[in-house]
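The structure appears right after this line, and notes come after that.
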Amino acid sequence: MVIPDLPTASHLIADRSHDSVCFRQVLTDKGIEPCIPSSRSRKIPFPYDKDLYRQRHSVENLFAKLKGWPRIATRYDLCAHTIFSAICIAATIIFWIIES
């Protein structure tokens, strides 16, 4: 299970697929506030911070744009530091294009 290895954080932003009472309880026990929208089938939805959840969209968009870089999408390089460097360069260029 990944929960014990989670770093310290104040919030965890996740999508509807992570909506379970057990998962929310484990997060709360670790002192992490879950920002997870309730599944549509839940009769009484859990409250969540909608403004904070909107930030997840920006991160998802960055990952989608990184997939457009063939060297990163195919993991062509074998060394972790080379792949990480390529991701940093691509993210910087993507950010620069968006901001200008």
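When only Cα pairs below 8 angstrom with a gap of at least 6 residues are kept, the chain shows a relative contact order of 19 percent. Considering only Cα atoms, the convex hull volume of region 32-74 works out to 109 Å³ per residue. Carbon-plus-sulfur accessible fraction, the chain (probe radius 1.4 Å, protein heavy atoms only): 63%. In a DSSP loop and with at most 10 other Cβ atoms within 10 Å, the trypsin sites (Lys or Arg not before Pro) in region 3-42 are Arg40. Kirkwood Rh over alpha-carbon pairs of the chain, then Stokes-Einstein at 20 °C and 1.002 mPa s: what D in µm² s⁻¹, rounded to an integer? Stokes-Einstein gives a translational diffusion coefficient of 133 µm²/s. Relative to the longest principal axis of the Cα atoms of the chain, the long axis of helix 80-99 lies at roughly 80 degrees. Rolling a 1.4 Å probe over the heavy atoms of the protein chains gives the chain an accessible area of 79 Å² per residue. Net length available on complete extension from Thr8 to Ser58 is 15.8 nm, with 0.36 nm assigned per residue and the Cα-Cα distance removed.
The values are calculated or read from the model by the stated rules, or taken from the named source; none is laboratory data. Remember, predicted model here, so these are calculated numbers, not experimental data. Note: ideal-geometry Cβ built from the backbone for every residue, glycine included; neighbour counts use all protein chains shown. The protein model used for the area step is the full one, side chains on, heavy atoms only, and it has no ligands, DNA or RNA in it. Shrake-Rupley method; radii C 1.70, N 1.55, O 1.52, S 1.80 Å.
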